[in-house]
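Right, one structure below, let's go through it.
Each reported figure results from applying straightforward, stated rules to the coordinates on display, with no laboratory input. Since we're looking at a predicted model, the values are computed, not measured. Note that we place each Cβ from the backbone using ideal geometry, even for glycine, and neighbour counts take in every protein chain shown.
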Amino acid sequence: MIQTSGESTSGHHAVVKGRLITIEGTDCAGKSTQARLLAESLAASGCPTLLTREPGGAPGAEVLRGFLLANRTALDPLAEAMIHFAARIDHANRTLRPAIAAGLTIVCDRFFDSTMAYQGYGQGADPSAITTLIRLLDLTPDLTFVLDLPPAEEQRRREQRGRSADRYERLGPEFLERVRWGFHAIVKTHPERCILIDASPSPAEVHARLFALAQARLP
Ligand SMILES: Nc1ncnc2c1ncn2[C@@H]1O[C@H](COP(=O)(O)OP(=O)(O)O)[C@@H](O)[C@H]1O
Ligand SMILES: [Mg+2]
């Protein structure tokens, strides 16, 4: 059984504590593909599973997502980070914490490491301010996969998908390099939770690795 964040988790009585798995990385690294495959395999293995995403994942947070994705006016990077955290706190309190309490295994497509990588490392918002927001949120993933792809391969996938440049891509290749290295730095800083994953093999190969690691790390 896979629920998505639009569905209610009420009525589910599990004895196990839930857990939170986050999938991180740059645009077109394969996060949404892998989040879906991982949720499907976890559900097939008998774990009640919730697939969700950020920004969004709760009705109010989805409204903020709409704003963040549509906005074309430059915002101070810390201000932008705080809007992401406003959405994240709504998502955490309305969707994630109830799901964890109900014993669900959550697979979340992007989480706070994206804010640190994009607004912190990428755009120069004060990392200690973002760390303060992370502390305020008070919800740390049990396991984080950071999908890593060289920019050239990312660009190839983007063109193949026919997706036009988003506002982050328009900040230029140096920005995307800083975000990528930011994710590397996050993995080095939090080795107890984060695993860097080479995202260049086929979707099935990357998935097999993620599923095996998830089973090994979260018995
Ligand atoms: N391992 C892979 N190898 C080749 N193409 C991939 C792989 N994973 C995803 N893709 C393709 O790349 C594009 C971006 O994938 P997606 O999962 O949407 O990435 P993200 O959510 O990280 O932006 C899609 O067209 C998808 O089909
Ligand atoms: Mg995606």
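Here are the numbers for this structure:
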{"item": "Rounded, prolate or oblate (a/c below 1.5 giving rounded, otherwise prolate when a/b exceeds b/c) for the stretch 24-178 by Cα gyration tensor", "result": "oblate"}
{"item": "Exposure proxy order (Cβ contacts within 10 Å, fewest to most) of His184, His91, His84, His207", "result": "His184, His207, His84, His91"}
{"item": "Karplus (6.51, -1.76, 1.60) ³J(HN,Hα), θ = phi - 60°, over the stretch 139-144, in Hz, Gly and Pro reported as x", "result": "8, 9, x, 6, 7, 10"}
{"item": "Amide hydrogen neighbours beyond the local backbone of Thr49, cut-off 5 Å, H modeled", "result": "Gln3, Thr105"}
{"item": "Share antiparallel - DSSP beta bridges, the chain, percent rounded to 5", "result": "0"}
{"item": "Three-way shape call for the stretch 139-212 based on the alpha-carbon gyration tensor, with the a/c threshold at 1.5", "result": "oblate"}
{"item": "Exposure proxy order (Cβ contacts within 10 Å, fewest to most) of Arg88, Arg178", "result": "Arg178, Arg88"}
{"item": "Point-to-point label distance, Val16-Thr140, nm (Cα→Cβ direction, 7 Å offset)", "result": "2.2"}
{"item": "Global geometry of the stretch 90-219, whether rounded, prolate or oblate, following the gyration tensor of its Cα atoms and the 1.5 cut on a/c", "result": "oblate"}
{"item": "Amide H contacts under 5 Å for Leu143, placed H, 5+ residues apart", "result": "Leu20, Thr22"}
{"item": "Separation of the Ala185 and Ala152 label points, Cα + 7 Å toward Cβ, nm", "result": "2.6"}
{"item": "Neighbour-count order for Tyr121, Tyr168, fewest beta carbons within 10 angstrom listed first", "result": "Tyr168, Tyr121"}
{"item": "About the Cα centre, charge dipole magnitude for the chain (Lys/Arg +1, Asp/Glu -1 at Cβ), debye", "result": "280"}
{"item": "Value of relative contact order over the stretch 2-217, rounded to a whole percent, pairs C-alpha under 8 Å and six or more apart", "result": "30"}
{"item": "Positive dipole terminus of the chain, leading residue within Pro77, Leu210, Gly18 (C-beta point charges)", "result": "Gly18"}
